[in-house]
Amino acid sequence: SGLGKILGTNKNYIVAEVEYREGAEDEEQGEEGEGEEEEPKEDEDAEPKEGEEDNIPQPDYKPPPVIPKEENGTGCNKKTYFVCNEPGTEWVKLPPVTPAQVVCARQIKKFFTGDLNAPVISYPPFPGTEINYLRSQIARISAGTQISPVDYFKFEEDDEDDSDGEGRDSFVENVEFEPLRNQELIDPSLSNWVHHVQHILPQGRCQWINPAVKTEAEDFDDEEEEEEREEPDEPVPEHGPPLLNPISEDSEVDSMPAWSAGLTSNLVPQYAAAVLRSNLWPGSYVFGLDKKFENLYIGYGHKYTADNYSPPAPPATQEEYPSGAEVTEVPDPTVDEERALQAVQQEQLDREAEEAEMEEDDEEDD
Amino acid sequence: MDSEGLTLSVEYLATTGIVLSTEQKAALQTSLVMLQNAQKFHKVQLWGKVVGIKESYFIACGIGRGNELLDRKFLYSQDCMKWCMLPILADSRALMCRSLSGRFIGDPTYEYEYIDMRLWEKEKKLRRRQTRFGERRGQISGSYRRNRQRSAHRTQRSYVKTATGKIVTNRSFEGLNNLDCKKLASYFHYRNTPNTDKINLLAKATLDQSIDFLEHIETDLPKGCWALHLERGSGLVILKSLLWLGYSFYHVPGTRKFGSMYVGTGEKNIDLPFML
């Protein structure tokens, strides 16, 4: 449905957004399941070899649990994207985005080269190639800038309980939508437009998932132990702005509003369309005219930051064991010192023996 | 981009996202001609558009009959009809403007506060701050000056320096051929800072004073700050600057057609070394 162009250094990308009908995506899931099964086998081969030698101390470090990606059709992966370099060349389907990729993409800023298999060399190291970086940037741009006039979409009329904090994530087109006049659409308070794509949480997903929750297979073994063991601090659930949030609540960018509004023409305002430009993602445009509206992105695919980009610092080095008396090495005593010690000890023994004899003598005398 | 044939030339830059609406094209075509007449320019070019938060500025450049390179005046407009002159900045003012960062607002009379950090450190105890105001126009002026100095460029041999030092268009320039147009060395900076120290002596011997008086863009650091694209097979060469995002230059190989335009926020891309 949507379209965009991402400029690159060697070639550009033309991006098309697609929503699959139900049932059309089952093939892909089968391939991914096979990939996961291969890994546990490798671990089993490695273990028996280590048991033969002395067991080297294993590091205590457990990497933070991998946050699972969202299912196709929900959250960040609600839409599928196809890209091509030039109109007329083949369209390539972009793989679904994982939270780790989104989290990393937020910390790096790299130009796209135009080659989908190009590596993304960055710090922190990006888990994937350019095709994944492109997909995660597209996900961030969609979440940040896809907007629609207020009331164009509305929530379905189910009485869902919002108490579990998950929020609603689906909407339908409002059949009774009344088109707003241009003056209302370009109103500087920006209250007449809403986001219709879910905001991506800091975790990298749209629906928060508790990484400490274990899967079912492990539960059967450790159920009793878990209850006794103290749980580490529960991660705090992350909240983001709900779906269909008006853009007037978008945070300001460097003390200027997140969106700039204007008309396409000042000479003939009666035929003009309302245009909104994003200041946070430069290159993102939205126009609205009567009942039609459309989102468009033409740009390099980066967020606008007033300050220059600084890569994150490397993590602090691990500290060594604190050096105290128990751990410090003391030089071994030399032969002379040992003899001196022995002589002193011998003297003491002799003296004690003498005193003991003297006491016995005294007792005998009495 | 020359004002003659502006409507057609702007099509060449459409792949980079630079477009003009019908209304803007119509307004520019008429107003630039009128401007040329009124100010007695030899040629008028549309330099580009600086997008501000509320409004955008269109910038035009009028070239006088004297030196094509040096005799240029810049003008700005918000509605493509009424053009006002941009002031020529003194170097000290230009330095001040360089330290201002952030987007343009769109209001020419907006005043920026410039804090002189050197004085702040020396007089820490007294806590006095020296402030100077730089007007909006001053900032555009400063920005375009940097921008123009660094990005405007032309193809090789399209300008000729006469014996008197005057720079005029080379009428026998026929355009680059297919091989040369793919090399970055065929494109030159269109600015007046002849830095001949960079060229070694051997190369200097073969240089022709009348043609090779501009620096070519291959020596620009960081390497890779220019992106060269071939569109339409090799029927169109687009050069994009990655340092000033939004600046594009086009050339149709084999013909005399070339031009450039800047459409962007007017900010330098300082993060370039991280992004390459």
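In this structure, does residue A:275 turn out to be within 14 Å of chain B (Cβ to nearest Cβ), at pLDDT 80 or above and open to solvent by less than 50 Å² (accessible area, probe 1.4 Å)?
Working: within 14 Å of chain B (Cβ to nearest Cβ): yes; at pLDDT 80 or above: yes; open to solvent by less than 50 Å² (accessible area, probe 1.4 Å): yes.
Here the answer is yes, as residue A:275 does meet what is asked.
Take the residues in the stretch A:97-153 that are among the hydroxyl-bearing types (Ser, Thr, Tyr) and in a helix (DSSP H, G or I), then tell me which one is nearest to the chain's Cα centre (by Cα).
Only one residue fits best here, namely A:136.
Run down A:321, A:304, A:309 and say which single residue is out of contact with any strand residue (DSSP E or B) (no Cβ under 9 Å at 6 or more places or on another chain), part of a loop (DSSP other than H, G, I, E, B) and in contact (Cβ under 8 Å) with a residue 12 or more places away in the chain.
Numbers: A:321 fails: in contact (Cβ under 8 Å) with a residue 12 or more places away in the chain; A:304 fails: out of contact with any strand residue (DSSP E or B) (no Cβ under 9 Å at 6 or more places or on another chain).
From the options A:321, A:304, A:309, the qualifying one is A:309.
If you check A:262, A:301, which single one turns out to be in contact with a Phe, Trp or Tyr (Cβ under 7 Å, 6 or more places away or on another chain) and within 11 Å of chain B (Cβ to nearest Cβ)? Can you show your working first?
Details: A:262 fails: in contact with a Phe, Trp or Tyr (Cβ under 7 Å, 6 or more places away or on another chain).
On inspection, the qualifying residue turns out to be A:301.
Within the stretch A:307-328, can one find any residue that is surrounded by 10 or more Cβ atoms within 10 Å (Cβ to Cβ) and in contact with a Lys or Arg (Cβ under 8 Å, 6 or more places away or on another chain)?
Yes; the residues of the stretch A:307-328 include at least one that is surrounded by 10 or more Cβ atoms within 10 Å (Cβ to Cβ) and in contact with a Lys or Arg (Cβ under 8 Å, 6 or more places away or on another chain).
For the stretch A:127-151, name all the residues that are within 14 Å of chain B (Cβ to nearest Cβ) and modelled with pLDDT under 90. So that I can check it myself, show each step before the final result.
Step one: filter the stretch A:127-151 for residues within 14 Å of chain B (Cβ to nearest Cβ), giving A:130, A:133, A:137.
Hits for the stretch A:127-151: nothing passes.
Confirm whether residue A:332 is open to solvent by 100 Å² or more (accessible area, probe 1.4 Å) and within 14 Å of chain B (Cβ to nearest Cβ). I'd like the intermediate steps shown before the answer.
Working: open to solvent by 100 Å² or more (accessible area, probe 1.4 Å): yes; within 14 Å of chain B (Cβ to nearest Cβ): no.
Against the criterion (open to solvent by 100 Å² or more (accessible area, probe 1.4 Å) and within 14 Å of chain B (Cβ to nearest Cβ)), residue A:332 does not qualify.
If I ask for residues that are among the charged types (D, E, K, R) and within 14 Å of chain A (Cβ to nearest Cβ), which ones from the stretch B:232-276 would you list?
Within the stretch B:232-276, the first condition is being among the charged types (D, E, K, R), and the residues that meet it are B:232, B:240, B:256-257, B:267-268, B:271.
If the condition is that a residue be among the charged types (D, E, K, R) and within 14 Å of chain A (Cβ to nearest Cβ), then B:232, B:240, B:267, B:268, B:271 are the ones that fit.
Please count how many residues of the stretch B:25-55 are part of a helix (DSSP H, G or I) and touching a strand residue (DSSP E or B) at 6+ places or on another chain (Cβ under 7 Å). Explain how you work it out, then say what you get.
Going through the stretch B:25-55, the residues part of a helix (DSSP H, G or I) turn out to be B:25-39.
Right, trim to touching a strand residue (DSSP E or B) at 6+ places or on another chain (Cβ under 7 Å) and you get B:28, B:32, B:35-36, B:39.
Result for the stretch B:25-55: 5.
Return the total of residues in the stretch A:89-125 being under 16 Å from residue A:9 (Cβ atoms), more than 13 Å from chain B (Cβ to nearest Cβ) and among the polar types (S, T, N, Q).
1
Looking at this structure, is residue B:58 at pLDDT 80 or above and of a type in the set (Phe, Trp, Tyr)? Give the derivation first.
Details: at pLDDT 80 or above: yes; of a type in the set (Phe, Trp, Tyr): yes.
Answer is yes for this residue.
For the list (1) modelled with pLDDT of 50 or more; (2) more than 26 Å from residue A:101 (Cα to Cα), I need the number of the one condition that residue A:51 fails.
Among (1) modelled with pLDDT of 50 or more; (2) more than 26 Å from residue A:101 (Cα to Cα), the lone unmet condition for residue A:51 is (1).
Residue by residue through the stretch B:72-92, note down the ones that are in contact with a Phe, Trp or Tyr (Cβ under 7 Å, 6 or more places away or on another chain), surrounded by fewer than 19 Cβ atoms within 10 Å (Cβ to Cβ) and assigned to a loop (DSSP other than H, G, I, E, B).
Residue satisfying the conditions is B:78 alone.
The values are calculated or read from the model by the stated rules, or taken from the named source; none is laboratory data. Just so we're clear, the structure is a prediction, and the values are computed from it rather than from any experiment. Neighbour counts run over all protein chains shown; Cβ positions are idealised from the backbone, glycine included. Just the protein is used for accessible areas: all its heavy atoms, side chains included, with ligands, DNA and RNA removed. Shrake-Rupley method; radii C 1.70, N 1.55, O 1.52, S 1.80 Å.
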